[in-house]
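Novice: The structure under discussion is supplied below as structure tokens; questions concerning it will follow.
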Amino acid sequence: MGVIDFLDVARASCESSLQVKAEFVKQGLEDVIEAADALAGAFARGGKVLVFGNGGSAADAQHLAAELVNRFILERPPLPALALTTDTSIITAIGNDYSFDEVFSKQVKALGEKGDIALGISTSGSSANVLLALEAAKEKGLFTMGLTGQKQGGMTSLCDILISAPSLETPRIQEVHGLVVHLLCELVDLKLFGHSQ
């Protein structure tokens, strides 16, 4: 077994990430702009966004909610966003009494209202709890959005807008999702407040 060249490994990962992002810039930005339009419209009408996902996608959900409620770059009023990944009492109660598959759908049923947006994040597009929450959102008349990878899975039929990272590798997909979170925040600020800085 040869000596690992960590600089080569790091460079290869960076190059792979840049390639996926470059491909996303070619094919995915119109979906991001459409999603930002929908978010800004919902906020302008008094709606909120409910965001959810598992693992790294839970972190992305919390990241988006934090940037919207607090601020991104622009000093502006807080925007109503809830990450459904943060209340451990609710999540563990539902997981224990019913099923982990229902940890987000029950919250959507309890908190979602017509005029709100449900935004599910799943790198595979097939996380059962994300799909059930999107189904619950559609049943309640919420606008649905998703962030996923190249496979898309069951999210395709459940999302009014689906933003897909052009990769099958979870790290690369999540890196695109992180970029999308920042783009959505910047574009929503521009649409609602007229400038980004």
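Novice: Going through A12, A42 one at a time, which residue ends up being in a helix (DSSP H, G or I) and either in contact with an Asp or Glu (Cβ under 6 Å, 6 or more places away or on another chain) or surrounded by fewer than 14 Cβ atoms within 10 Å (Cβ to Cβ) (or both)?
Specialist: A12
Residue by residue, here is whether (1) hydrophobic (A, V, I, L, M, F, W, C); (2) touching a residue at least 24 places away in the same chain (Cβ under 8 Å); (3) within 23 Å of I33 (Cβ to Cβ); (4) open to solvent by 60 Å² or more (accessible area, probe 1.4 Å) holds:
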residue: K114; (1), (2), (3), (4): no, yes, no, yes
residue: N129; (1), (2), (3), (4): no, yes, no, no
residue: E139; (1), (2), (3), (4): no, no, no, yes
residue: F143; (1), (2), (3), (4): yes, yes, yes, yes
residue: T148; (1), (2), (3), (4): no, yes, yes, no
residue: A165; (1), (2), (3), (4): yes, yes, yes, no
residue: P171; (1), (2), (3), (4): no, yes, no, yes
residue: L184; (1), (2), (3), (4): yes, yes, yes, no
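Novice: Something else about it: Could you please find all residues in the stretch 45-57 being part of a helix (DSSP H, G or I) and either β-branched (V, I, T) or crowded, with 19+ Cβ neighbours inside 10 Å (or both)?
Specialist: S57
Novice: For residues in the stretch 15-28 being in a helix (DSSP H, G or I) and touching a residue at least 40 places away in the same chain (Cβ under 8 Å), which is farthest from I173 (Cα to Cα)?
Specialist: Taking the candidates together, the pick is Q27.
Novice: Filter the stretch 50-96 down to the residues that are of a type in the set (S, T, Y) and more than 11 Å from the chain's Cα centre (by Cα) and list them by number.
Specialist: Result: T85, T86, T88, S89, T92.
The values are calculated or read from the model by the stated rules, or taken from the named source; none is laboratory data. Computed from a predicted model, the values in this text were never measured in an experiment. FYI the Cβ positions are ideal-geometry reconstructions off the backbone, even for glycines, and counts take in every protein chain you see. To get the accessible areas, we keep the full protein, side chains included, count just its heavy atoms, and leave off ligands, DNA and RNA. Shrake-Rupley method; radii C 1.70, N 1.55, O 1.52, S 1.80 Å.
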